[in-house]
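For reference, the structure I am asking about is given below.
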Amino acid sequence: MADISNRKLIVEVCNAKNLMPKDGQGTASTYAIVDFDGQRRRTKTIFRDLNPRWDEKLEFSVLDAKSLAAETLELNLYNDKKTTGKRSTFLGKVKINGTSFSTSETTDLVYYPLEKRSVFSQIKGEIGLKVWLEEDKIPPPSEEQKSSEAAPPPPPAAAEEKQPEKEENIANEEKKEVEKSGEENKPPEDSKTEEPPAPAVVHAEEEKAVVARKSPNLGLRESEPRYHGGGGGGDRRRRSAYDLVDRMSFLFVRVVKFKQSKPEPDSLAHAKLVIGTHSIKTKSKAENKEWDQVFAFEKEGLNSASLEVSVWIDKKKGATDDNSTESSNLGNVTFDLTEVPKRVPPDSPLAPQWYTLDGKDSPGNDVMLAVWIGTQADEAFQEAWQSDSGGFIPETRAKVYLSPKLWYLRLTVIQTQDLQLGSGATEPKFKNPELYVRAQLGAQLFKTSRAMVDSSSFSSNPTWNEDLIFVAAEPFEPFLVVTVEDVTNGRALGHAKIHMASVDRRMDDTSEVRSRWFNLVGDENKPYGGRIHVRVCLEGGYHVLDEAAHVTSDVRATAKQLAKAPIGWLEVGIRGATNLLPVKTKDGTRGTTDAYVVAKYGPKWARTRTILDRFNPQWNEQYTWDVYDPCTVLTIGVFDNVRYKHDEAGKQGKDARIGKLRVRLSTLDANRVYTDSYSLTVLLPGGAKKMGEIEIALRFTCSSWLSLIQAYASPMLPRMHYVCPLGLAQQDILRHAAMRIVTARLARSEPALGHEVVQFMLDSDTHVWSMRRSKSNWFRIVSCLSKAAAFAKWLDEIRGWVHPPITVMVHVLLAAVVFFPHLVLSTMFMYAFLIIGLRFRHRQRVSLHMDSRLSYIDAVGPDELDEEFDGFPSTRSPDQVRIRYDRLRALAGRAQMLLGDVAAQGERLEALFNWKDPRATGIFVVVCLLASLVFYVVPFKAFVLGSGFYYLRHPRFRDDMPPMTINFFRRLPSLSHQIL
């Protein structure tokens, strides 16, 4: 008997750092409890150490390999109660999703930050773990087991007698185990503090016995379907159902093969399907070959009540002409569509049957068919010939694409040695040459700063210590090329190739990356050009941004070990579109639109099938995504398919934009279905154009409300973005590099997702100057400041006694604040609670999407739109560019004056303290001295009350001129007079 393999999960608890002291003496005696799939293990206790080290390996049996992705490994850290004599206290926990388990024992050490059990827990520190899966060989059964297995089963009567006794024994054993574990896990009397359960350590022999009782077949239990809301799979029953879209009925015909009563040698045959005006034929195959093709006809578009399937034999006309053939009919079979059976998944597929062809000339021929009526949820629908999508055209099929996995590649250039700086007789000599290092990965090229070296010494060792960061996509480029170049004479001193397969990977900033020396290869005359010292690694702790920051849909770290369990899932039903405008002309006579939809969330791109030549297409396709952060954005775009048609030169066109919408998940209520129609507006050089409407159904399902609330308190990006942050300019460069990589990879798919589609979905042109966007952002700022302006206007009306009763009430409120200051904060928060609570019934009840008014597309001129669509560099005439340049100069002049005024205010305040104007600063110093003496005598409450009453005094007691303090501040000097 062959060995049977059983997987085991190995958890190596290495060490912890910076733990919270819990024993009352500034230390902690720590142990860890690890739970996985109903199994529990405990480490030893490390006494009085806030940085304990265990280096213990804990083994867990993987009882169900199919549900491993839905399992969660949980580690809880406690302070041992033996040291305090009271109770064990909680130090933190870590949860690791089953999808992040490594399959290699050489996995890297990963430090996980300790999480809180509740909001009031005081937790800090991190713990280092290694988690991997390994195969465990189960030895073959012994001779006694073989003989027991080979023994015949007992008679039914005996089995019935032994079965109750066996069940009773098992029940008694399980009852004893439960009672025993209950005694061990019994909580103390004082349950208000954080008390961990006692570690019920299960020995290997006991665990095998329990497993054997659960499944007597070699200690392995049968896999059962699981429906976890927060696991990697989610609720499979809901995910597989098409409950957000309308079910569309299709007539499916599977044509398998045929057989002849009198076979003809070297003959090919094809089947032909006819339903009214619909006609399609299969590929030509020999008799022993199978067609095995599926055809899907939209039932609403059928104009006949019968289906006719016929088989035709293709024969050559003559021996000299190989291309000319003639077809003869072997017969046909007719189906009444009212008698066709219906199939609804998860019913098993309908088995094909042999049908006799009704042929007068050659009877006795058969064809194998299967005919049924199903929906778009049928498994055969995706690969079938579809009547509304043009048949077997690859560019019109519904497909799911995945963005490549992106990494940041960090190259640290340290120094070089033994460089050959042209000291030969035929090479020119330079006194102080300037060197820099150029690194290239694929199409990405970065350079270090220049370093000047002294060529008089024999050995030149310039030092940089600079980081160059690239974006690398799996599968990686084969080599990273590093070149040392001399700026003085413009030549390369040597280059080195770093194999990407040998580059180290790290998950956080604590992992050490080894530095390496590489020999520089020169030209043919100098095969050795020196050495270069570098440090290179792939950063897995970052999230590589490939979208604009305001529309990001994924914030997870690149490393699989740092992945967290999803908090829910998002279901999107793409129902249909109405009143689409024609985008192109068909046969030069009439307009037509071949529309399809692309939905993007995270690394997953979903593309619907293309429905040809319809202005009201109905897709009714549903897709599902795992959600890891609620503050992310779903992007949906509608396009007109041009790529499925090739011109005379065999080239494909570019798909035209019809419209786009975005939905932020945080604006959606959990477990609620949103079915709305959204307007599709596209911006063209001639202006904004409404292209129609699209109907989308959305449902965000939350598996854990606690995880959802905790997500709002956690950082948006992974830890490395805050520990080792990247500069804003560097992030922008890397983001555009990632966009180009994603665009190139998706364009290489089959069928390709066009680069114009990817760039439109990723908003790759947000950095390009646009007068429209500038106006939109300006009015956004004005809208935000309008609330402050309204408050200032209201305060000025109170101060001006426009409404005397309100002004008197403000006086009373001022007195109450002065005499009862402890009620200020509670009153403010209660006021906010009441106001926001009353606005709950006026909340937005539909999902937000693109706003044409906010985009400012109706208030811009045609020249400004043409400027936005103009490429870089500009392709317009010099006169038009000069007009736009003058307009930009005028706008920049106003912005320049605004920036100068803002800077002058800060410089005046700084000049007051730096004696830039000695007289003004002297006056201010004297005023400060007098104010300190006055405030020492006058109570603070009296000062606040007097200042408030003075500010709210009646207008008849005021002067029309500006107050003294404003005059004094305006006279302070700034640096404006020093600018040329």
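The values are calculated or read from the model by the stated rules, or taken from the named source; none is laboratory data. Worth saying up front: this structure is predicted, and the values here are computed from it rather than measured. Because the Cβ atoms are built from the backbone with ideal geometry, glycine has one as well, and the counts that use them run over all protein chains shown. Just so you know, the surface numbers come from the protein's heavy atoms only, side chains and all, with ligands and any DNA or RNA stripped out. Shrake-Rupley method; radii C 1.70, N 1.55, O 1.52, S 1.80 Å.
Once both labels are modelled 7 Å past Cα along the beta-carbon direction, what's the N51-S679 spacing in nm?
Spacing of the two 7 Å Cα→Cβ label points: 6.3 nm.
What order do you get for 496-503, 247-254 when each peptide is scored by the mean count of other beta carbon atoms within 10 Å, highest first?
Working: 496-503: 14.6, 247-254: 20.5.
Ranking the peptides 496-503, 247-254 by packing returns 247-254, 496-503.
Just order 909-915, 385-391, 465-471, 272-278 by mean Cβ neighbour count inside 10 Å, highest at the front, would you? It would help to have the intermediate numbers written out before the result.
Details: 909-915: 13.4, 385-391: 20.4, 465-471: 18.6, 272-278: 17.0.
Ranking, from highest mean packing down: 385-391, 465-471, 272-278, 909-915.
Another one. I need the calculated FRET efficiency for the pair K95 and S502, taking r as the beta carbon distance and R₀ as 35 Å, to the nearest 0.05. Don't skip to the end; give the middle numbers.
Details: r = 33 Å, r/R0 = 0.95.
My answer for the efficiency is 0.55.
Please give, to one decimal in nm, the separation of the simple spin-label points placed at E524 and K259, each 7 Å out from Cα toward the Cβ.
My value for the distance between the label points is 7.1 nm.
Suppose R0 equals 35 Å; then what is the FRET efficiency for R843 and L909 from their Cβ-Cβ distance, rounded to the nearest 0.05? Write down the numbers at each step before the final one.
Details: r = 42 Å, r/R0 = 1.20.
So the FRET efficiency works out to roughly 0.25.
Taking the simple approach of a point 7 Å from Cα along Cα-to-Cβ for both W769 and Q415, what is their distance in nm?
4.6
In the structure displayed, which of K57/K81; K283/K315; K95/K124; K259/K299; K57/K116; K259/K315 lie more than 18 Å apart, Cα to Cα? Write out the running numbers ahead of the final one.
On the way: K57/K81 23 Å; K283/K315 15 Å; K95/K124 15 Å; K259/K299 30 Å; K57/K116 25 Å; K259/K315 16 Å.
Flagged as over cut-off: K57/K81; K259/K299; K57/K116.
Before I look further, what does the range 746-828 give for accessible area per residue, probe 1.4 Å, in whole square angstrom?
On the way: 5340 Å² over 83 residues.
Per-residue accessible area for the range 746-828 comes out at 64 Å².
Multiply the residue separation of K299 and K82 by 0.36 nm, subtract the distance between their alpha-carbon atoms, and state the gained length in nm to one decimal. Intermediate results must be reported in sequence, preceding the final value.
Working: separation 217, 0.36 × 217 = 78.12 nm, distance 7.46 nm.
This chain segment gains 70.7 nm when fully extended.
Choose one of H721, L684, G754: the residue whose Cα lies farthest towards the positive end of the charge dipole of the range 679-763 (beta-carbon charges +1 Lys, Arg; -1 Asp, Glu; about the Cα centre).
Positive-most Cα among the choices belongs to H721.
Follow-up. Just name one of V62, T89, N51: the one whose Cα is farthest towards the positive end of the charge dipole of the range 1-130 (beta-carbon charges, Lys/Arg +1, Asp/Glu -1).
Of the listed residues, the answer is T89.
Which order, highest average first, do 887-893, 59-65, 936-942 follow once you tally other Cβ atoms within 10 Å for each residue and take the mean per peptide?
Working: 887-893: 11.4, 59-65: 18.9, 936-942: 9.6.
For the peptides 887-893, 59-65, 936-942, the packing ranking is 59-65, 887-893, 936-942.
If contacts are Cα pairs under 8 angstrom and at least 6 residues apart, what is the relative contact order of the range 560-767 in percent? Intermediate values should be presented prior to the final figure.
Values: 365 pairs, mean separation 44.0, N = 208.
For the range 560-767, the relative contact order is 21 percent.
Given 0.36 nm per residue, what is the gain on full extension from L706 to D266 after removing their alpha carbon distance, in nm?
Details: separation 440, 0.36 × 440 = 158.40 nm, distance 6.97 nm.
Additional length available on full extension: 151.4 nm.
Given R₀ = 56 Å, FRET efficiency for S877-N489 by Cβ-Cβ distance, to 0.05?
Efficiency computed from Cβ-Cβ geometry: 0.85.
Related question: Determine the relative contact order of the range 7-135: mean sequence separation of Cα pairs under 8 Å and six or more apart, normalised by residue count, in whole percent. If you can, show how the numbers build up before the last one.
On the way: 309 pairs, mean separation 41.5, N = 129.
RCO, the range 7-135: 32 percent.
Count charges around P718 for me, please; just the other residues with Cβ under 14 Å from its Cβ, Lys/Arg as +1, Asp/Glu as -1. Provide the component values of the computation, followed by the final result.
Numbers: positive: R506, R556, K560, K564, R719; negative: E126, D508, D509, E539, D554, D629.
Taking every other residue near P718 into account, the sum is -1.
Hey, any idea what % of the range 249-387's accessible area is carbon plus sulfur with a 1.4 Å probe?
Numbers: 3570 of 7620 Å².
Accessible surface attributable to carbon and sulfur in the range 249-387 totals 47 percent.
Only sites in a loop by DSSP and with at most 15 other Cβ atoms within 10 Å count here; which GluC sites (Glu not before Pro) in the range 642-730 make the cut?
Values: sites: E648, E693, E695; in loops: E648.
Those that pass, being in a loop and sparsely packed, are E648.
Here's something else I'd like to know. Which trypsin sites (Lys or Arg not before Pro) from the range 893-937 combine a DSSP loop assignment with at most 16 other Cβ atoms within 10 Å?
Numbers: sites: R894, R908, K916, R919; in loops: K916.
Within the range 893-937, the qualifying trypsin sites (Lys or Arg not before Pro) (loop, at most 16 other Cβ atoms within 10 Å) are K916.
If contacts are Cα pairs under 8 angstrom and at least 6 residues apart, what is the relative contact order of the range 680-801 in percent? If you can, show how the numbers build up before the last one.
On the way: 33 pairs, mean separation 11.1, N = 122.
Result for the range 680-801 is 9 percent.
Could you please state how large a percent of the accessible area of the range 7-135 is carbon and sulfur, counting protein chains only and using a 1.4 Å probe? Each step should come with its number before you reach the end.
Working: 2530 of 5510 Å².
Answer for the range 7-135 is 46 percent, counting heavy atoms of protein chains only.
Related question: With unit charges on the beta carbons (Lys and Arg positive, Asp and Glu negative) and the dipole taken about the Cα centre of the range 7-135, which residue among T99, T72, N18 sits farthest to the positive side?
N18
Using 0.36 nm per residue, how much length does the chain from K787 to R799 gain when fully extended, once their Cα-Cα distance is taken away? The partial results should precede the final answer.
Working: separation 12, 0.36 × 12 = 4.32 nm, distance 1.83 nm.
Gain on stretching K787 to R799: 2.5 nm.
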